[in-house]
Structures are given as C-alpha cells and as structure tokens.
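Working notes for the structure below.
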Amino acid sequence: MGLLDGKTALVFGVANKRSIAWGIAQAFHAHGARLGLSYAGPALERRVRPLAEGLGIDFVEPCDVTQDDQIEAVAAKAKAHFGQVDILVHSIAFADREDLARPYYQTSRRGFLLAMEVSAYSLVALARAFKPLMPPGGAIVTLTYYGGEKVAPGYNVMGVAKAALESSVRYLAYDFGPDGIRVNAISAGPIRTLAAAGVSGFKTMYKMFPLLAPLKQPITQEDVGHAAVFLASDMAAKITGQVLFVDSGMNIMAFPDKDTLTREFGAG
Ligand code: NAP
C-alpha cells in the first residue's frame, strides 16, 4: 500500500534527472500517486518527456512561472485532465549567476526582483491558481535552503528569496488552513543539480558537508523524495506552515568539531 494511493500530484521544476523535483516525482510514483509534471520551457522538453514516459506520466506541460497566462493555462489543463489536484510541488528557483558570484550588497535591482519573482512569488501565484482544484486534505510542498535563515557565503540574493519563500509558506498555510490545505517547505542540504551549479563555492560546500553534518552523510534526491511523500501524505495531516530540514542534521551545528577543524584547516 502506497502512502499516496488515490492522490494526484503535480510537480513543478523538473529540468533533468538530477532535479530534486524528479527525485520527488519518483518517490511519489513509488507511493502510488498519479502524476503530472511541469517544466520551465520548450528547451527542456526533450529531457523531461523521456523521464515522464519512463514512469507512464501522460501530463507533461511547460510553464514559465513568471507568466500568469501560462500558470492559468496549466491549471486549466490540469483541471480538464485530472479533475482535482491533491498535491502541488514547487521546486523552482532562479538568480542571475553574477549575483551569486559578487558580494550581496552589489545585487542589482533587476537581479533582486528576478530572484524574488521566480523563487518566491511563483509559490504564491501557483498556490492561488491551484487552490480551486485542491480538495480538503490537499498539500503544497516547496523547496528551500538554510541560506534563507543564516548567511551561506555566495548564496546571496537567493538566501533573501528563500527567506521570503519560507515566510510565504507560513502566510499561505494560514490562508489555506480553513480549507484543509497544508503548506510546508523542505530545507534540503546540498545536492548536485543544475541550479546548485550556479552557486559560487557550491562544490567546496558539497565536499565539506558530510564531514560537518552530524549524520556524516550527503543528501540525495531520494532523501528529499521520501520527506516530500511524508509531508504530502495523510501521515502529516496536522503539519502545516513548517520548514522540515533534510540535511543530515547540519542546521543544529553552531561550529564544526575540533577534530574536523584540525584535520581540514590545520587548526588547534
Ligand atoms: P534544478 O534541477 O535546476 O531545478 C530548478 C528548476 O527551476 C528548474 O527546473 C528550472 O528550469 C526551474 N525554473 C527556473 N526558472 C523558472 C521559471 N521562470 N519558470 C518555471 N521554472 C523555472 O535544481 P534543484 O536543485 O533541483 O532545485 C529545485 C529547488 O530546490 C530550488 O528551489 C532550489 O533552490 C532548491 N534547493 C536545492 C538544493 C540543492 O543543493 N540542489 C538545496 C536546497 C534547496 P530551468 O532549468 O529552465 O531554469
């Protein structure tokens, strides 16, 4: 028996097989959900369609989340195809590369607004468009990173956008609560994806991560997929407005232990 048997899920943000969204789609499939996928634009179709076909997914629609008409169109198509949508996954972010490579105070007005629009506002726009399709018991899940709470050097404007996204999760959870729709975020540790490649210093952070995190293990797409199944399922029926860390415990650490500092930095 799957935790998502009888539920329909629409997953936004599959770019390729490394995408966190794809890890979530695979886990949802394994737990019995009926799936639809959405990707950013025509350039990605040739990568996303074969993935979808591999899982027998027949709803695969482009949607640039900066365009309200495209959001409305995909919601209308989902209504015609599925009738209702129980689960909505938002796994989308974007910032200009140069804004992730120079000091935060040099972020341009255009770069700030772009990162906010794609990475934070899009959750609000998608939630609004899909609310009429979501029954009581519905769940919205988005992806965030600890750089929205604490300074992660190089994460810059994306960290500020994640702070707005996490706050939006709480406000949306409040708005949607009376309708029985839950809204939560997963704060994932580093995973090698297209989006992560744009963050300066990511490779070093990725390498150091298992040395510093309490569980001493890297984070995988599967780890995030499993957490998303939980949050989207009735097992999490009374959980809303939360940020769930899937990070091998990294967020509880105030400072690396002495052995790691000595080994990696020659300190002590
Ligand atoms: P990814 O595979 O590159 O996914 C990011 C997705 O956002 C891509 O499908 C991308 O499409 C899409 N996107 C960008 N602009 C869009 C737009 N205007 N309209 C619609 N879609 C758009 O990378 P990922 O790491 O899986 O990222 C997924 C989410 O997880 C993001 O919110 C990210 O911040 C978060 N996250 C990632 C990590 C990590 O270490 N990888 C850790 C914590 C949280 P294009 O490729 O066409 O731009």
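Some observations on this one:
- In order through the stretch 195-212: 3J(HN,Hα) via Karplus (6.51 cos²θ - 1.76 cosθ + 1.60), integer Hz, x for Gly, Pro: 4, 5, 4, x, 8, 5, x, 4, 4, 5, 4, 4, 5, 6, 3, x, 6, 9
- Near Val85, the amide H atoms lying under 5 Å from its own belong to Met134; only residues 5 or more places off or on other chains count, and H is placed 1.01 Å from N.
- Residues whose amide H falls under 5 Å from that of Glu61, counting only those 5 or more places apart or on a different chain, are Leu37, Ser38, Tyr39, with hydrogens built in the peptide plane.
- Estimated dipole of the stretch 99-190 in Debye, rounded to 20 [Cβ of Lys and Arg +1, of Asp and Glu -1, Cα centre]: 140 debye
- Counting heavy atoms of the protein chains alone, Lys162 has an accessible area of about 10 Å² for a 1.4 Å probe.
- Counting only Cβ charges, +1 for Lys and Arg and -1 for Asp and Glu, the dipole size of the chain around its Cα centre is about 460 debye.
- Where Val243, Val89 fall by accessible area, highest first, once all protein chains stay in place (1.4 Å): Val243, Val89
- Summing +1 for each Lys or Arg and -1 for each Asp or Glu among the other residues whose beta-carbon sits under 14 angstrom from that of Gly83 gives +3.
- Spatial extent of the stretch 1-116: Rg and Dmax, with the Cα atoms as the point set, Å: 16.0, 52
- Karplus (6.51, -1.76, 1.60) ³J(HN,Hα), θ = phi - 60°, over the stretch 186-191, in Hz, Gly and Pro reported as x: 10, 9, 8, x, x, 10
- Among the listed pairs Lys7/Lys79; Lys17/Lys162; Lys150/Lys216; Lys216/Lys258; Lys150/Lys238, a Cα-Cα separation exceeding 18 Å is found for Lys17/Lys162; Lys150/Lys216; Lys150/Lys238.
- Listed by chain and number, the aspartates and glutamates placed with their C-alpha closer than 15 angstrom to that of Lys207 are Asp247, Glu264; residues fewer than eight positions away on the same chain are left out.
- Surface composition of the chain: carbon plus sulfur atoms hold 57% of the accessible area, using a 1.4 angstrom probe and ignoring ligands, DNA and RNA.
- Karplus-derived 3J(HN,Hα), 6.51/-1.76/1.60, for each residue of the stretch 74-91, Hz, glycine and proline x: 5, 5, 5, 5, 5, 5, 5, 7, 9, x, 9, 10, 7, 10, 10, 10, 10, 10
- Evaluated with a Cβ-only charge set (Lys, Arg +1; Asp, Glu -1), the stretch 67-224 carries a dipole of roughly 420 debye about its Cα centre, given to the nearest 20.
- Remark on Thr142: its backbone amide H falls under 5 Å from those of His90, Asn184, Ala185, Ile186, a criterion applied only to residues 5 or more positions apart or on other chains, H modelled at 1.01 Å from N.
- At a probe radius of 1.4 angstrom, the accessible area of the chain per residue rounds to 48 square angstrom.
- Helical mean residue ellipticity (222 nm; -39500 (n - 2.57) per DSSP H run of 4+; nearest 500) of the chain: -12500 deg cm²/dmol
The values are calculated or read from the model by the stated rules, or taken from the named source; none is laboratory data. Note that the structure is predicted; figures quoted are calculated from it, not measured. For neighbour counting, all protein chains shown are included, and Cβ atoms are generated from backbone atoms with ideal geometry for every residue, glycine included. What goes into the accessible areas is simple: the full protein's heavy atoms, side chains included, and nothing from ligands, DNA or RNA. Shrake-Rupley method; radii C 1.70, N 1.55, O 1.52, S 1.80 Å.
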